[in-house]
Structure formats: C-alpha cells, structure tokens
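Asker: Mind having a look at this structure? Questions to follow.
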Amino acid sequence: MSNPDATALAELVRKREATPLELVDAAIERIERVNGQLNAVTTPMFDLARQAAQATIPDGPFRGVPFLLKDLGAAFQGARMTFGSRYLKDFVPDHDSEIVIRYKRAGLIVLGKTNVPELGIQPTTEPELNGATRNPWDPARSPGGSSGGSAAAVAARMLPAAHGTDGGGSIRIPASCCGIFGLKPTRARIPLGPDYGDMFSGLIAAHVLTISVRDSAALLDVTCGAEPGDPYAAPEPARPFAEEVGVSPGKLRIGLISSSPTGGPVHPDCIAAVEDAAKLCEGLGHSVEETKIQLNAEMYGNAFSTLWSAGNAWKIDSMSFAVARKPQPGELEPQTEALISMGRRKSAPEYLLAVQVLQVYSRRTAALYDKFDVLLTPTLAAPPLPLGSFAPTLEDPIHGLRRAAEFCPFTPLFNATGQPAMSVPLYWNSEGLPIGSHFVGRFGDEATLFRLARQLEEARPWSERRPPISC
C-alpha cells in the first residue's frame, strides 16, 4: 500500500526503520495538507503528540502509531472534549476514558480530536460549533455521522485509523459514505468506563474506522475486555481477533435483506450495491437467500426514538454536573433542543416499555440465526447526501431526525440487538461515490465477520481506491 496501515506502521517502528516522531510528523504534515479542505480534525493536539513520541512509549502492538479520537465518548485528560456543542466548547476532562487508557497502553499516539455533530445525534457532521466536515469523495456531500470527522480523515489517508462511536450506525454510516471499513462490535465488547457502564440501555458502542480489516481486528484486541464494575460483558472471544483475519470463514449461509425494515424507499444504487455484494459472496462459495426482518415500523420507531430522545436529555443532565452549569439559551442547536424536549416528556414507564419492545425485536432477530450465519443489508438507504440535507426548519425543528430515519433504516436495529455489524466498501456508483454493504453477525461473533471481511478485501481490494481529496 502506498499509505501503510497501522499494523505496517507499527512494524516499521519495531524494525527501527522509522521512529515514532517521524511517523507523528508525517501524519501531522498530511493533516495540515488536506484538513483545510475537509474540516475533519477540529482539535489538533500536535505538541502533545510530539512530546509523547519523544517520551517513553508503552511497548504495545501499535507503539508509535499516530491516531485520532472522535470528539465524543473518549475523554483525554487535559484535552478539550466538546461533543460538537457550543455548550461544551470549553470542557476539559480531568481523566482518561478507559478506552483511551487502552489506546495509550497499545502505544498509539493521539494527534487530535475529530469533528462530530452536536451530541452525535445526526448521521451527518455539520455542527454549528465547528462547521461542516466534507466528504473527500465529493466536498459538497456529507461524510456521514456521527463519526464523520474520523471517517473523512481516514478516507483522505491523513492516517490509517481513527476512533469512533456508534449509537445508531455512527461508525457504519460514515464508513459507507467515505468508502472505508467500519465495524461496530458486540454490545459491551469495549467498556465505556469509568464514566459510564451502559449508555442508552445498551445502544452505544465504540471502536474504530480503518482502511484495512486487520487493523480493525488488532485494535479490537487492544481495547476489548470487561472492566471491573461493568454491568455486563460480551462473550469472551475464542482467540485474538487478529488471528481470525485470513482464516477461512467456510461456507456461510447469508440472509439477504434489500428492502427497508421500516418500509421506506431504498435508492437503486444501494440495492445494486447489496446485490453486487451478494453475487460476490456467492462467487466465494457462500449461499445467499433473501429474507426479511418482521417488525412493526411504528412500534419499533417509537421505541427507538424514546431511547434516543430520553438518552440525550439524560446526557445533557449528566454533562451539567461535569461542567457545573446548565446550558444557556442559544448554546444548544434548535434540533438538539427539540430532541431533548421530546426526551423530557417521556415517562419512566414509557422508557421501560421502549426497552421491552426493542428486546422483543432482539429475540426475533436472533431467531434468524437458526437459519443464517450472517445477514446482509445495504448500510444506508441512499448514497452520500448533499450537505444541508439534515438541517432543521422553523416549521419542523426535528426535520433532520425524520430524514435520518429514512436515510439509515438498517443500522439502528443492530444497536438495539447488540449484534456486531460492519460496513464494507465494495461498490462505487456512477458518480464515483462509495456505497457500503452491511454485514451483521451473531451476538458475540465478530470472528466470523472478520474472516468474511478479509475474504472480501482480498477478492475486491479497496485500499488503493483513493478519493479526489487525499494525501
């Protein structure tokens, strides 16, 4: 690869063919070269990174490799974490999140924070605080969200991997929009401590966006595992995930779902992409059979929106303790205000009923795995949308949230079920825009996904497909 992945960079350091400072300086140069066109990195930490590169670095598997953190869900002691909000623009955590502790232990060097929509509520990255992040394949289009800054940085080859979080598709959506690999792990695979044991009744997960499959697997190895005090934990893997990459997945039974589970339209390009992925899988020896997820769209939508709105209202209350004040008028975007108001109107019984509804759908979805090993769906219902597509209107301040439900009907269900799921970049449309294919494994079974992903990566390599804006 002309741009080595994180595993290859770590090998350069190990063989003393490059120093951590050389890798950090090279990554900083790449960020400075293209970030002005993309607005992906909004909190540079270059001086801290250079200091870390010249200090004693833990001898982990990614010693000296440059990395970026999403500006949400990953506290780094002494560096601001804004959540994409004017309200939190000056918030500086006094401790590291557990995931950051593990990244540092692995030897990664953090160069900065990436742009996010306010509180991560949108499948685009256009916060009023920092301005829009642009898609490196077409700067007039969204990179997706909420990990859009991380996805744009990786797609543009600023560096090979960046942190992301996923509460309704926020790793997989931007991975699809930016033509890179993004896996949401099993619920509780990576702990959310020390500040949280559980977020939004299990919807929220964390991991990375990468170019290569092997980086995603190896980075999951360094961050997975329960932390003392966690309310629950994912099943232990049989062996390190990195060892699954390159292992034959055998003949998989794949269930193809091309229609939206909520009944909305799916763009012909997205159907073409998933059908192309199905043919590729059949050519690799897997069986593919069409199936459906049976759910009541209204009941499911109401349940998910209850968790999402109440969860964000709770998040603001939680942050009010952290910064010792409540948000002032105008500090939150109108769409965020509307969502939080909606959440505050939910009662405790309504919230628990929503949890029950989603748990019922989790059981129904799990039953599909009596027949299939993996489900295959479009990642999204449309190609990357123009910037501004999710903007609120005066008449409808939650227009963007309604549009989001139409744009990403496939990914949120698997936050509710807790299953591992990945967006794989196998298809580009006639406009040259990437369109991901979404594969979902059994609960706890990232191993099968990594095996299949590596097989797909070998059959149709994507690492050399570079966007027009890239290093």
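The values are calculated or read from the model by the stated rules, or taken from the named source; none is laboratory data. In this text the structure is predicted, and so the values were computed from the model without any measurement. Note that we place each Cβ from the backbone using ideal geometry, even for glycine, and neighbour counts take in every protein chain shown.
Asker: Only residues in the range 220-235 that are modelled with pLDDT of 95 or more and assigned to a loop (DSSP other than H, G, I, E, B) count as the first member; pair them with residues that are among the charged types (D, E, K, R) and surrounded by fewer than 16 Cβ atoms within 10 Å (Cβ to Cβ), Cβ under 6 angstrom, at least 6 apart or cross-chain, and list the lot.
Answerer: Note: pairs meeting the criteria are 231/198.
Asker: Do we have residue 380 as within 26 Å of residue 449 (Cα to Cα) and buried (at least 19 other Cβ atoms within 10 Å of the Cβ) here?
Answerer: Working: within 26 Å of residue 449 (Cα to Cα): yes; buried (at least 19 other Cβ atoms within 10 Å of the Cβ): yes.
When the stated conditions are applied, residue 380 passes them.
Asker: Among the numbered criteria (1) in contact with a His (Cβ under 6 Å, 6 or more places away or on another chain); (2) modelled with pLDDT of 95 or more; (3) surrounded by fewer than 18 Cβ atoms within 10 Å (Cβ to Cβ), which one does residue 410 miss?
Answerer: Looking at each condition in turn, residue 410 falls short on (3).
Asker: So residue 80 fits all but one of (1) within 16 Å of residue 204 (Cβ to Cβ); (2) in contact with a Ser or Thr (Cβ under 7 Å, 6 or more places away or on another chain); (3) of a type outside the set (Val, Ile, Thr); what number is the exception?
Answerer: Unmet for residue 80, out of (1) within 16 Å of residue 204 (Cβ to Cβ); (2) in contact with a Ser or Thr (Cβ under 7 Å, 6 or more places away or on another chain); (3) of a type outside the set (Val, Ile, Thr): (1).
Asker: Next question, about the same structure. Quick check: is even one residue across the range 290-313 touching a strand residue (DSSP E or B) at 6+ places or on another chain (Cβ under 6 Å) and among the charged types (D, E, K, R)? Walk me through how you get there before you give the answer.
Answerer: Kept after step one, since they are touching a strand residue (DSSP E or B) at 6+ places or on another chain (Cβ under 6 Å), are these residues of the range 290-313: 290-291.
Filter once more, so that each one left must be among the charged types (D, E, K, R): 290.
Looking through the range 290-313, at least one residue is touching a strand residue (DSSP E or B) at 6+ places or on another chain (Cβ under 6 Å) and among the charged types (D, E, K, R).
Asker: Take residue 96 and decide whether it is farther than 29 Å from residue 330 by Cβ, charged (D, E, K, R) and assigned to a loop (DSSP other than H, G, I, E, B). Even if it seems obvious, please write down each step before you answer.
Answerer: Numbers: farther than 29 Å from residue 330 by Cβ: yes; charged (D, E, K, R): yes; assigned to a loop (DSSP other than H, G, I, E, B): yes.
Criteria met by residue 96.
Asker: Separate question: Take the range 306-362 and flag every residue that is hydrophobic (A, V, I, L, M, F, W, C) and either more than 30 Å from residue 294 (Cβ to Cβ) or outside any helix (DSSP H, G or I) (or both).
Answerer: Our first condition is that a residue be hydrophobic (A, V, I, L, M, F, W, C); within the range 306-362, this holds for 307-308, 310, 313-314, 316, 319, 321-324, 332, 338-340, 342, 348, 352-355, 357-358, 360.
Answer for the range 306-362, where residues must be hydrophobic (A, V, I, L, M, F, W, C) and either more than 30 Å from residue 294 (Cβ to Cβ) or outside any helix (DSSP H, G or I) (or both): 313, 314, 316, 319, 321, 322, 323, 324, 332, 338, 340.
Asker: Here is a further query. Looking at the range 109-135, which of its residues are of a type in the set (Val, Ile, Thr) and in a loop (DSSP other than H, G, I, E, B)? Walk me through it before giving the result.
Answerer: First pass over the range 109-135, keeping only residues of a type in the set (Val, Ile, Thr): 109-110, 114, 116, 121, 124-125, 133.
Within the range 109-135, 116, 121, 124, 125, 133 qualify.
Asker: Taking into account only those residues within the range 271-296 that are assigned to a strand (DSSP E or B) and not aliphatic (A, V, I, L, M), which is surrounded by the most Cβ atoms within 10 Å (Cβ to Cβ)? Talk me through it step by step, then tell me what you get.
Answerer: Keep residues of the range 271-296 that are assigned to a strand (DSSP E or B), which gives 287-290.
Then keep just the ones that are not aliphatic (A, V, I, L, M); that gives 287, 289-290.
Values: 287: 13, 289: 11, 290: 11.
By that ranking, first place goes to 287.
Asker: When residues of the range 439-471 are filtered for being part of a loop (DSSP other than H, G, I, E, B), among the aromatic types (Phe, Trp, Tyr) and more than 18 Å from residue 415 (Cα to Cα), how many remain? Steps first, please.
Answerer: Quick first cut of the range 439-471, residues part of a loop (DSSP other than H, G, I, E, B) only: 441-445, 460-471.
Those still in the list that are among the aromatic types (Phe, Trp, Tyr) too: 443, 462.
Subset that is more than 18 Å from residue 415 (Cα to Cα): 462.
Of the residues in the range 439-471, 1 are part of a loop (DSSP other than H, G, I, E, B), among the aromatic types (Phe, Trp, Tyr) and more than 18 Å from residue 415 (Cα to Cα).
Asker: Can I ask one more? Please specify each residue of the range 363-381 satisfying the condition of being in contact (Cβ under 8 Å) with a residue 12 or more places away in the chain and part of a helix (DSSP H, G or I). Break it down into steps so the answer makes sense when it comes.
Answerer: Of all residues in the range 363-381, those in contact (Cβ under 8 Å) with a residue 12 or more places away in the chain come to 364-366, 368-369, 371-381.
Result: 364, 365, 366, 368, 369.
Asker: Same structure again: Within the range 155-176, take every residue that is among the hydrophobic types (A, V, I, L, M, F, W, C) and out of contact with any helix residue (DSSP H, G or I) (no Cβ under 7 Å at 6 or more places or on another chain) and give me the one that is surrounded by the most Cβ atoms within 10 Å (Cβ to Cβ). Can you show your working first?
Answerer: Applying the first criterion (among the hydrophobic types (A, V, I, L, M, F, W, C)) to the range 155-176 yields 155-156, 158-159, 161-162, 171, 173, 175.
Next cut, out of contact with any helix residue (DSSP H, G or I) (no Cβ under 7 Å at 6 or more places or on another chain) only: 171, 173.
Details: 171: 33, 173: 36.
The extreme case among them is 173.
Asker: May I pose another question? So if I check each of 427, 361, which one is among the hydroxyl-bearing types (Ser, Thr, Tyr), more than 23 Å from residue 457 (Cα to Cα) and buried (at least 21 other Cβ atoms within 10 Å of the Cβ)?
Answerer: 361
Asker: Still on this model: Just one of 466, 403, 442 is touching a Phe, Trp or Tyr at 6+ places or on another chain (Cβ under 9 Å), in contact (Cβ under 8 Å) with a residue 40 or more places away in the chain and of a type in the set (Lys, Arg); which is it? I'd like the intermediate steps shown before the answer.
Answerer: On the way: 466 fails: touching a Phe, Trp or Tyr at 6+ places or on another chain (Cβ under 9 Å); 403 fails: in contact (Cβ under 8 Å) with a residue 40 or more places away in the chain.
Of 466, 403, 442, the one residue that is touching a Phe, Trp or Tyr at 6+ places or on another chain (Cβ under 9 Å), in contact (Cβ under 8 Å) with a residue 40 or more places away in the chain and of a type in the set (Lys, Arg) is 442.
Asker: Pull out all pairs, ordered by first then second residue, where Cβ-Cβ is under 8 Å, the residues are six or more apart or on different chains, the first lies in the range 95-122 and is without any contact (Cβ under 8 Å) to a residue 40 or more places away in the chain and closer than 20 Å to residue 53 by Cα, and the second is part of a loop (DSSP other than H, G, I, E, B) and not aliphatic (A, V, I, L, M).
Answerer: 96/76; 96/77; 100/76
Asker: Here's a check for you: in the range 212-247, which residue that is charged (D, E, K, R) and within 17 Å of residue 183 (Cβ to Cβ) is surrounded by the most Cβ atoms within 10 Å (Cβ to Cβ)?
Answerer: Taking the range 212-247 as the starting set, the residues that turn out to be charged (D, E, K, R) are 214-215, 221, 227, 230, 236, 239, 243-244.
Next cut, within 17 Å of residue 183 (Cβ to Cβ) only: 214-215, 221, 243-244.
Values: 214: 23, 215: 26, 221: 17, 243: 15, 244: 23.
Per the stated criteria, the residue is 215.
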